[in-house]
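Right, one structure below, let's go through it.
The values are calculated or read from the model by the stated rules, or taken from the named source; none is laboratory data. Because the structure is predicted, anything quoted here is derived from the model rather than measured. So basically every Cβ, Gly included, is an ideal-geometry build from the backbone, and we count neighbours across all protein chains shown.
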Amino acid sequence: MSRREDLATVERALRAAGSTFPTLQSIVDTRMRYRDLVPTLMHLLGQVQDNVVLEMLARALTVREAQGKAERPLVALYRGLPISEETSHLRWVIGNALYSLKSQLVADDILAICGDPAQGTSRQMIVAALWKLKSEAAFLLLIDLLFDSTVRGHAISALGRFKDPRAVPWLKLSVNDENAWIRREARKAVAALAAHD
């Protein structure tokens, strides 16, 4: 199907659900709540194929009203996509949605995605969400990911929020990194863990 056909499918479904939003983009852009549309948006994940339309659906599900509901369909979409440059941005957007939702509901999938180096930068926000799992497996994976350049800064950030002092020696390895963002995240994480002690 073409993007135009996919958008038409989405708009028909939204009208059938009683939506007052004229387009999918208007839902993505709104600050209004749309709890009643979340089931329709989730269903549409399996009805369209265009990457841009799927990105808009994932963004529309990056809201509080989708918490506890959209995690499994989003993970299924992410894991069902081919690993390619063509899908990298879409997978990143889905990862960002998972960061905003209750990623602990799909903990095993989150760990598997984060531990797969083939996923590259598309898993950055999912790695950043690992602290929410509060598990030993997540902690140990974050330590490993400190040595993966595609997600290193996100692993550092997550370790700072994990509140486990065992991370400090590992984080200190990056406080003088040549990359300013990595350096800043490492220092911030070390400071957060020191404040937590």
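As a summary of the residue check, Lys102 satisfies the conditions (1) basic (Lys, Arg); (2) under 12 Å from the mean Cα position of the chain (by Cα); (3) farther than 26 Å from Arg64 by Cα except for the one numbered (3).
The numbered conditions (1) at pLDDT 95 or above; (2) hydroxyl-bearing (Ser, Thr, Tyr); (3) under 25 Å from Gly68 (Cβ atoms) are all true for Thr121 except (3). For Leu98, state whether it is modelled with pLDDT under 95 and in a helix (DSSP H, G or I). When the stated conditions are applied, Leu98 does not pass them.
Scanning the range 7-26 for residues that are in a loop (DSSP other than H, G, I, E, B), of a type outside the set (Gly, Ala, Ser) and crowded, with 18+ Cβ neighbours inside 10 Å turns up just one, Phe21. For the range 137-159, enumerate the residues that are among the polar types (S, T, N, Q) and either within 19 Å of Ala112 (Cβ to Cβ) or under 16 Å from the mean Cα position of the chain (by Cα) (or both). Within the range 137-159, Thr150, Ser157 meet the criteria. Any residue at all in the range 163-184 that's polar (S, T, N, Q), surrounded by fewer than 19 Cβ atoms within 10 Å (Cβ to Cβ), over 18 Å from the mean Cα position of the chain (by Cα) and not in a helix (DSSP H, G or I)? Yes: one or more hits. Being of a type outside the set (Val, Ile, Thr), farther than 28 Å from Gln124 by Cα and free of Cβ contacts under 8 Å to residues at least 60 places away in the same chain is true of Ala16. Taking the conditions (1) crowded, with 18+ Cβ neighbours inside 10 Å; (2) outside any loop (DSSP other than H, G, I, E, B); (3) of a type in the set (Gly, Ala, Ser) in turn, Ser88 satisfies each one other than (1).
Candidates are the residues of the range 46-60 that are part of a helix (DSSP H, G or I) and of a type outside the set (A, V, I, L, M, F, W, C); the one that is farthest from the chain's Cα centre (by Cα) is Asn51. Scanning the range 105-131 for residues that are surrounded by fewer than 20 Cβ atoms within 10 Å (Cβ to Cβ) and in a helix (DSSP H, G or I) gives Leu105, Ala107, Asp108, Asp109, Leu111, Ala112, Pro117, Ala118, Gly120, Thr121. For His43, the requirement of being of a type outside the set (Ser, Thr, Tyr), in a helix (DSSP H, G or I) and either in contact (Cβ under 8 Å) with a residue 60 or more places away in the chain or closer than 19 Å to Ile126 by Cα (or both) is not met.
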